[in-house]
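Okay, so here's the structure we're looking at.
Each reported figure results from applying straightforward, stated rules to the coordinates on display, with no laboratory input. Treat the numbers as computed from the prediction; the structure is a model and nothing was measured. Here the Cβ positions follow ideal geometry from the backbone for every residue, glycine too, while neighbour counts run over all protein chains shown.
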Amino acid sequence: MSVHVPMAVDSRTRSEIEADVVADYRASSPRSAALHEAARKVMPGGDTRTVAFHAPYPLAVAEGQGCRIQDADGRTYIDLLNNYTSLIHGHGHPGVVAAVSAHLPTGTAFPAPNEAQTKLAEIIVDRVASVDMVRFCNSGTEAVMNALRAARAFTGRELVIKMEGGYHGTYDDVEVSVHPDPRDPASGPDHAPIGVVGTRGVPRNTTENVIVTPMNDVDAVSRLMRERGDEVAALIVEPVMGSAGMLPADHAFLEALRALTLEHGALLIFDEVMSFRLEAGGVQEHYRVRPDLTTFAKIIGGGFPVGGFGGRASVMEQFDPLGPTPLWQSGTFNGNLITMAAGVAAMEAYPPSEVARINALGERLRSGLRDTLAENDVEATVTGYGSFAGVHLGAREVRSYRDAAAVDKGLARLLHLTLLLEGVYAAPRLMMCTSTAMNEKTIDDVLAAFGRAVNGIRPALAA
Ligand SMILES: Cc1ncc(COP(=O)(O)O)c(C=O)c1O
C-alpha cells in the first residue's frame, strides 16, 4: 500500500523546512529535552551510544509493548528499529518475560555453567549448518574479536580482509574503513580502496593488519588474494551489509570468497550479528555458502546484551580449556542465566514460519516505501532483504557502500525527524526492520505515516 496526499503549494526553502521540523520536534518533546540537558552534565553530549545519537537530541524512551514504544512525553511510535534489529519480537514478549522472571529472584549470574547455555548453543548449532560448536560473550563486538583471534591462532597468520563500509563493532581491528569518505583521496579508488582508521584513538598501524576490499567486486578481491592470500588469516564479511545501508551481497561474490579463502588457506567469517534473523539458519542458508566461523549477537539474547561465535569444530576446539594450549576467551557475564534464558525463549518463538512472515512484512514495507517515494516524485533507492529495509534519498542508485555514502545525509536526518513527528521510530540513517509483533496493518500504518512525512517536507526532498 502507498499513500499519495495531494500537495498544497509549499514554497518553503529546505532550510526553512528544516527549521520548522526541528521546532515541531522540540515542541513535542520537552521532557526528552530536559532529560538530555541533565544527561549532558554527566555524560559527554548526554550520550552513551554514538550510533543512536542525533541532533537536536534523541527522544528518551520510557517503555515499549509489542511493536510500540512510548517516549518520556507520552507520545507513542511504531518501533521500526527494534533496538537496531535486535528485538525480533518487539517489547515485552510474554515468553521472554516469563523466562527471565523465573530466574530473577533466584540468581542472575554465577561463575558456572547453566542449562540454558547449552540449550541456546544447541538451538544455534541445530539451525546453522556451518556451526558445530559455539561460545558466548556479551556483544557482537566481542564475538568478532574472538572470531578473529580464533582465525589468527588457527592459521598462524595475522592479516584480515574486511569490506569497505563493513561494520563489525567497535573493536580496534575492525574500525578500519567503516565510514570512509570516498571523496577523500586517502580512501583510494572505487575498485582498490585503501583502509583508513575509522575513529581517532585507534592505532594508525591497525591498517597494516587489516585491509579492505569493495563488496561485490570479485575482481578486486581475487586480485588482493593473488597478491597477499597466503598472509590472510581471515576474510570477514556481513552477507547483508547492515550499517552500510542494508545492502545484500551478490551470490557470486560470497561464492568467490569461499573459493578464494579455501584456495589460500584463510578462514571465511560471516558476521551474522544482524543478518541471523533473515533466515532460520542465518542468511547463509539463503546464500548456500558455508563459512568457517559465524558471529552472532542481537536476537540471540532476547533483548539482553549478548554475543556468540561458532563454526567448524576444528577451529572452535582451540578454546577447549582441557586442550594443550587453549585460547583465552572470558567475560564476567558470558552465558549468564538471564541472557541465556531470554535467548532460548526468543529463539523458540522464532520458528521458520515466523521468519517467513516477518520477511513478507519486510517486502510489503519495501515495496510500499518505493511506491510512496515514486508517487511523490522523490528520487531514492530502497534497499534490503527479508525483514530489513533501508531508504537512501537521492538520484544515485544505491548498490554499494560508496553509493550509499554519497547520499545527502542531512536530508535523511530531516526525513527521520519528520517520521518521528508522524509516529514512526526508525534509525537516523533511515534503517528499518520488522518484528513478529507486527502484522500487515502495522506496515500499512507505517506507510501512511511515511506518506504524510514525505509529503510534509516534499519541497526539500524533491529539490
Ligand atoms: C554486523 C555487525 N557486527 C557487529 C556488531 C557489533 O555488535 P554490538 O553492538 O553488540 O557490539 C554490529 C552492531 O550493530 C553489527 O551490525
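Taking packing as the residue-averaged number of other Cβ atoms within 10 angstrom, the listed peptides 402-414, 9-21 run from highest to lowest as 402-414, 9-21. Indicate the gyration tensor shape class of region 201-240 (rounded, prolate or oblate), computed on the Cα atoms with a ≥ b ≥ c the square roots of the eigenvalues: a/c under 1.5 is rounded; otherwise a/b larger than b/c is prolate and the rest oblate. In terms of gyration-tensor shape, oblate.
Relative to the Cα centre, the charge distribution of region 94-348, modelled as +1 at Lys and Arg Cβ and -1 at Asp and Glu Cβ, gives a dipole magnitude of about 340 debye.
Couplings 3J(HN,Hα) of region 445-455, computed from phi: 5, 4, 5, 5, 5, 4, x, 5, 5, 4, 5 Hz, in residue order, whole Hz [Karplus 6.51 cos²θ - 1.76 cosθ + 1.60, θ = phi - 60°; x for Gly and Pro]. Under 27 Å of direct C-alpha separation, and excluding same-chain neighbours fewer than eight residues apart, Lys298 reaches these lysines: Lys119, Lys162, Lys409, Lys441.
With respect to the chain, whose longest principal axis is taken over its alpha-carbon atoms, helix 14-28 is tilted by about 80°. Each Lys and Arg adds +1 at its Cβ and each Asp and Glu adds -1 at its Cβ; summed about the Cα centre, the chain shows a dipole of about 560 debye. When only alpha carbons are used to place a centre, region 82-157 and region 321-400 end up 16 Å from one another. First check a/c for region 412-458, with a ≥ b ≥ c the square roots of the eigenvalues of its C-alpha gyration tensor; if it is under 1.5, answer rounded, and if not, answer prolate when a/b is larger than b/c or oblate otherwise. Judged from the Cα gyration tensor, region 412-458 comes out oblate (a/c at least 1.5, b/c at or above a/b).
Summing charges over all other residues whose Cβ lies under 11 Å from the Cβ of Glu354, with Lys and Arg as +1 and Asp and Glu as -1, gives +1.
Each listed q (0.08, 0.11 Å⁻¹) maps to a log10 I(q)/I(0) for the chain from the Debye sum over equal C-alpha point scatterers, namely -0.47, -0.91. The relative contact order of the chain comes to 22 percent, based on Cα pairs under 8 Å that sit 6 or more residues apart. Between helix 218-228 and the chain there is an angle of about 40 degrees, using the helix long axis and the longest principal axis of the Cα atoms.
Seen against the Cα atoms of the chain and their longest principal axis, helix 30-42 is set at about 40 degrees. Each peptide in 44-52, 71-79, 166-174 gets a packing score, the mean of other Cβ atoms within 10 Å over its residues, and the list from highest to lowest is 166-174, 71-79, 44-52. Taking a ≥ b ≥ c as the square roots of the eigenvalues of the Cα gyration tensor, region 1-154 is classed as prolate, since a/c reaches at least 1.5 and a/b is larger than b/c.
A Cβ-based charge dipole, computed about the Cα centre of region 379-441 with Lys and Arg at +1 and Asp and Glu at -1, lands at about 200 debye.
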